[in-house]
Every structure is written in structure tokens, then in C-alpha cells.
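Have a look at the structure below, then the notes.
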There are 4 protein chains.
Amino acid sequence: MDMNGSYATSDEMHVVTDDLPWAPFPGVEDSGFKLLRVNRDISGLTMLLKIPEGVRGPMHKHCGAGEYMILQGHIDFGDRKLGPGDYFFEPAGLRHSEPAPDEEVIMLVVSYGPIATTRPDGSPGPVVDAELMAKLWERALTESGAVAPAR
Amino acid sequence: MDMNGSYATSDEMHVVTDDLPWAPFPGVEDSGFKLLRVNRDISGLTMLLKIPEGVRGPMHKHCGAGEYMILQGHIDFGDRKLGPGDYFFEPAGLRHSEPAPDEEVIMLVVSYGPIATTRPDGSPGPVVDAELMAKLWERALTESGAVAPAR
Amino acid sequence: MDMNGSYATSDEMHVVTDDLPWAPFPGVEDSGFKLLRVNRDISGLTMLLKIPEGVRGPMHKHCGAGEYMILQGHIDFGDRKLGPGDYFFEPAGLRHSEPAPDEEVIMLVVSYGPIATTRPDGSPGPVVDAELMAKLWERALTESGAVAPAR
Amino acid sequence: MDMNGSYATSDEMHVVTDDLPWAPFPGVEDSGFKLLRVNRDISGLTMLLKIPEGVRGPMHKHCGAGEYMILQGHIDFGDRKLGPGDYFFEPAGLRHSEPAPDEEVIMLVVSYGPIATTRPDGSPGPVVDAELMAKLWERALTESGAVAPAR
């Protein structure tokens, strides 16, 4: 994967997601992601995201908005319980830590900007941007021996 | 739904898609869409799209790119057969008519621009943009008596 | 210029705009544009646009939003007169015909979607999208003998 | 200015930039910006940026791409010298510190994502995103007594 090259843009591609490995999502234990596309201009990305039962993510802030469609499992949002085929939109700028789900959840994420993390002492942590995610993904592809998706 | 107001932007929202009706997609017989979000600045939208078995869509051109995740059914792309959980990316500018699927297909569509249609005589047809889709959606919501999605 | 290749994306580039010719903007007499960038995914573009004194543009609708900064000349917007260094934002969906300026106006345009035109009889006209603009630009570059901008 | 409200989106607006004060750009001595628009979904913004003669900016990384048009002064890019009316595009992901210009430079900036800063010891610094810039801008407007731009 070449962040300066064709992958980061928009060539036609068809991805059978079962062909891809789960790469560890930075900072979330036992989680996984499958990177489907990088939108280089805005540091955005499209991925499958797997959150294990009982795992709570770290405090973070999405600099951009995000669209989510649940593919497996359920998530509670106050009085609504969303499951497979349901959708939520998260506007830019929310700072939060997701509650731990009661079961493994897999969702499609279309993200429109990087994630700014915060260290436990309140100081700025690393920025999880598309460049970092693409590096982690490339490493996971190499380690798994998986073939990169058609582009 | 107010194209000049808050819906068109990015307030937090959670959508249980079973709560929503299927609105007829313009120009595709027996099809349906559930509008999830309008990205007003680029005339983009996020929707569920249902294509019935055996129905071939009309010739059209996507002015923007599109991301697709199949939720139900299968679609053939040359030597790849994509099914639930699989993903494809269509770059901007393709002019085509989708082949008819062998079974009902439901997919999530994230579209980054309007669709330019062509009349059978080759002359320009109407442009299917986010504004038109929002009007069709509002009508379908009203007719169905469904409650508009939380925003 | 290759709409399927690297130009359409985001490589580093520096453009001395005086090096570039004015290409005729489709449908606006004696006008000119200098294409600076194509944002392929959304059929967006960045260009310099020159409108001659006394020329009124045709009826059209911007499917996407647009940002404008005036570089030369003045435009009246009701009770505001904007000149060099001033800015205006046009949300998506407006259908209008610009009033003729009292003097030649040059502005920077950052456009987030194609333009849908309407024929005098009210029927849909051609869609002016990034693909068409890139073709017109390539032709103008070839005819002028200008060197394509560094990318 | 309300990041959750209408400013952050795309209502029609006309801005006479001379009406606006210069707000200090964070981390760049004697610099100034005039915020013209926030693109909330991607933490993007449009602004005028003023860099004084001889001032070198800090090391930083643009998470998103940026478009720049010079309105006053000149900047050297290797063998090209860009001046008023010239344009450059900076792809996402570059980590750099701009060279100090020989004269005051004012340019229009359309930015498609936040800036990640690095502390002198190499650790992550604050993220300069649209939310922070909007706060700094609101403060500058209040202190100057300027009227907020028409929206």
C-alpha cells in the first residue's frame, strides 16, 4: 500500500472481506480492523471494525465526522438498541470513550478525519490518522500472508 | 426534512432501519431506498438500496465516487462474487447500466455526488441529486406515516 | 491530464497561473477558466474564473457548494459590494443566473460538485462536471502550447 | 459561532474581509488568520493567513490536504517563486516547517483536515483542529468588537 500512490485514491476495487485478516486497532485490546479504503485528502478511511465483548475503548476525540453501520452484534444508545443493518452518525468533535458492548460487535466505519487521543495524564497522545492506519494495515497484511485487495 | 437546515448536516443520529419505509428509487422498477443522511455540500448521500431480482437499472453516470457494502444477496463482478459484508468502490465518472442480480440485493451506499441520467435517445435526462432524493424520501415518509429518523 | 490517474488526486504542485492560458468556460461568452485542480471523488474542481464586463451567465444549478474569492473587479450582492480579497460561499442547490458585472471579474473558485444546466425550453441540458472541464482544459492547453502545470 | 449549529455548515454568506480582525495563529509569532468558513465534518477550514517577514513556523503535520492561493507577497518553492494569484497544493501527510518568507505573505488557505503539532522533545503536541480555530476566532471577534460575518 502506497499512501502516495493509487491505493489512497479511488480506483475501482472489489473486496471480499473474508479474504482479509483482522489487524489490531491501536489502543483497543483484542479489537480488529480491516482497512477497505483510504481517503487521503481528508485523512479519512473506510474499514470494518470489530470490538470484543466487554472491551471499553480509550478516551479519544474524532476530529472529523463518522458514519457507522452495524453488521453483527448490538450497541445501546440510551433508549435505542441498534443491531445489524442499523446506522448511526457521529458528528465531528465528540470526545468520549465508547461503552463496552455485551457481545462482539462488527461494524462498517466511514471516517472523515483522524482521531486525537489523550493520555491518562490529560496530555495529547498520538494522532491516529489514515497514514498510521495504512502502515498498521500493511504490516498486518504482510504478517498474514494475505493478498492485498484488488484496487 | 429541510435541505437548508440541520438534517442536511451532521447532527448525531441513530437510525433503526427497520423503522423506515422503502421509497421507490427513481427509474428502477420495484427498487427501494432508505435515506440515512444527506451530505449537502457535495450532493452526497448515504442510503440503503434494494435492487429486486432480475431488474436492470437504466444507463447513468455517477458524477462522484461511491462506496458500497452488500448486506443481503450477491452481485457478480467478473470473476468475483460479492456477498454480505463485501465491499466495492466505484470511482467517479463511470457510465454504465448495472446487470440484473439473480436475487434481491440490499446494500449500503455512500455516494459522493449526483447521478446524471441519459434518455434512450442519448439526450441528457434529469440529474438525480441529493435534493431530489430528499424530496422523494420526504414524500415516502409522509405517505407511510413513519416517524422521521432521530437526528 | 488523466482523470483516471495521478492528476485527479493530490500530488504536490505549484502553479504560476500566468503560465496558463484562459480556456473558454462552456456556455458563458468571452469567459475563461484556468483549471488548477480536479477533486475527482466529488467531481469538484479548483479554478480561476474570468467573467467579462456585461456578460450574464445562463441559468444553472450547482449540485454542490462552492467557495469564491474575488481577485480582480467587484460583484454586487444586494447591499454588499465585494472586491479583491473578499469571499463568498454558495450553498449547494441554488438555481440562478449570475448578474452581469460592471467590469471584468476574476475569482478563485473551489467547487464541490457538478453544475446542472437547463435548456431555454426548461429541459435538462448537459451536466458540467469535472470530467468535462478537464477535457476542455486539456484541449486549451494543447492548443495554446502551454506546458501542463507541475504536479 | 456555534460549532454545533448553522455556521459550521454551509449557509450563503458574503464576507468583506477588511471588516474582519486578524486573530493570532497558534504557535506562529506575529501571524494572523481570518476565519472564513468551517467545514465541520472533516475539521476543515477556509481562512486568510498572514505570515510576517522572517518568521519560521513550527514543525507540524497536516493530516489533510490543503489548497493555497497567494494574495500578497512571494514564497520560494525550489526553482519556482510564487506570487499574487499563484496556487499550490499540499497533499496530506507532509511533516515540515515552512521557511521564513522575505516579506509579509497573505494567502487564502482551504484546509481539509487538522494539523498535528510536535513538541521540541518530539512528543505529540496539541492538535490544531477546526474546533480550536473556531474558538480562537470567536475570541478574537469578541475582543475586536467586530461584527461576525454575515452567514
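The values are calculated or read from the model by the stated rules, or taken from the named source; none is laboratory data. Just so we're clear, the structure is a prediction, and the values are computed from it rather than from any experiment. Neighbour counts are summed over all protein chains in view; Cβ atoms, including those assigned to glycine, are modelled from backbone coordinates with ideal geometry. Just the protein is used for accessible areas: all its heavy atoms, side chains included, with ligands, DNA and RNA removed. Shrake-Rupley method; radii C 1.70, N 1.55, O 1.52, S 1.80 Å.
Let's see how each residue does on (1) within 22 Å of A:Asp86 (Cβ to Cβ); (2) of a type in the set (A, V, I, L, M, F, W, C):
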| position | (1), (2) |
| --- | --- |
| B:Asp41 | no, no |
| B:Gly44 | yes, no |
| B:Pro52 | no, no |
| B:Ala65 | no, yes |
| B:Tyr68 | yes, no |
| B:Phe77 | no, yes |
| B:Arg80 | no, no |
| B:Gly85 | yes, no |
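Checked against the criteria, A:Ala134 counts as open to solvent by less than 20 Å² (accessible area, probe 1.4 Å), of a type outside the set (Phe, Trp, Tyr) and outside any loop (DSSP other than H, G, I, E, B). When the range C:24-39 is limited to residues that are more than 12 Å from the chain's Cα centre (by Cα) and farther than 23 Å from D:Asp86 by Cβ, the one that is farthest from the other protein chains (Cβ to nearest Cβ) turns out to be C:Glu29.
Among the residues making up the range B:92-109, those that are surrounded by fewer than 20 Cβ atoms within 10 Å (Cβ to Cβ) and at pLDDT below 95 are B:Leu94, B:Arg95, B:His96, B:Ser97, B:Glu98, B:Pro99, B:Ala100, B:Pro101, B:Asp102.
Of all residues in the range C:84-99, how many are touching a residue at least 40 places away in the same chain (Cβ under 8 Å) and over 15 Å from the mean Cα position of the chain (by Cα)? Show your work before the answer.
Keep residues of the range C:84-99 that are touching a residue at least 40 places away in the same chain (Cβ under 8 Å), which gives C:97-99.
Narrowing further to those that are over 15 Å from the mean Cα position of the chain (by Cα): C:99.
Adding up the residues that qualify gives 1.
Residue-level check: of (1) farther than 30 Å from A:His62 by Cβ; (2) modelled with pLDDT of 95 or more; (3) among the hydroxyl-bearing types (Ser, Thr, Tyr), B:Tyr112 misses just (1). Screening A:Lys61 on (1) charged (D, E, K, R); (2) more than 27 Å from C:Asn39 (Cβ to Cβ); (3) surrounded by 15 or more Cβ atoms within 10 Å (Cβ to Cβ); (4) under 15 Å from the mean Cα position of the chain (by Cα) shows it passes everything except condition (2).
Please tell me if A:Ile115 is over 22 Å from C:Ile42 (Cβ atoms), away from chain D (no Cβ under 14 Å), under 11 Å from the mean Cα position of the chain (by Cα) and without any contact (Cβ under 8 Å) to a residue 60 or more places away in the chain. Before the answer, list the steps.
Working: over 22 Å from C:Ile42 (Cβ atoms): yes; away from chain D (no Cβ under 14 Å): no; under 11 Å from the mean Cα position of the chain (by Cα): yes; without any contact (Cβ under 8 Å) to a residue 60 or more places away in the chain: yes.
For A:Ile115, the condition - over 22 Å from C:Ile42 (Cβ atoms), away from chain D (no Cβ under 14 Å), under 11 Å from the mean Cα position of the chain (by Cα) and without any contact (Cβ under 8 Å) to a residue 60 or more places away in the chain - is not met.
Listed conditions (1) surrounded by 22 or more Cβ atoms within 10 Å (Cβ to Cβ); (2) on the phi < 0 side of the Ramachandran plot; (3) within 14 Å of chain B (Cβ to nearest Cβ) are all met by C:Ser43, apart from (2).
Among all positions in the range D:75-83, there is at least one residue which is free of Cβ contacts under 8 Å to residues at least 60 places away in the same chain, hydrophobic (A, V, I, L, M, F, W, C) and closer than 19 Å to C:Met47 by Cα. None of D:Met13, D:Met107 is in contact (Cβ under 8 Å) with a residue 40 or more places away in the chain and out of contact with any Pro (no Cβ under 9 Å at 6 or more places or on another chain) except D:Met107. Taking (1) surrounded by fewer than 18 Cβ atoms within 10 Å (Cβ to Cβ); (2) away from chain B (no Cβ under 14 Å) in turn, C:Thr17 satisfies each apart from (1). Residues that are within 14 Å of chain A (Cβ to nearest Cβ), hydrophobic (A, V, I, L, M, F, W, C), out of contact with any Phe, Trp or Tyr (no Cβ under 7 Å at 6 or more places or on another chain) and in contact (Cβ under 8 Å) with a residue 12 or more places away in the chain: does the range D:46-58 have at least one? No, because not a single residue in the range D:46-58 is within 14 Å of chain A (Cβ to nearest Cβ), hydrophobic (A, V, I, L, M, F, W, C), out of contact with any Phe, Trp or Tyr (no Cβ under 7 Å at 6 or more places or on another chain) and in contact (Cβ under 8 Å) with a residue 12 or more places away in the chain. I want to confirm something. Restricting to the range A:88-125 and keeping residues that are touching a Ser or Thr at 6+ places or on another chain (Cβ under 6 Å) and assigned to a strand (DSSP E or B), which single residue is nearest to B:Leu20 (Cα to Cα)? Top of the filtered list is A:Val110.
Condition check for A:Gly122 on (1) more than 14 Å from chain B (Cβ to nearest Cβ); (2) touching a Pro at 6+ places or on another chain (Cβ under 9 Å): one failure, at (2).
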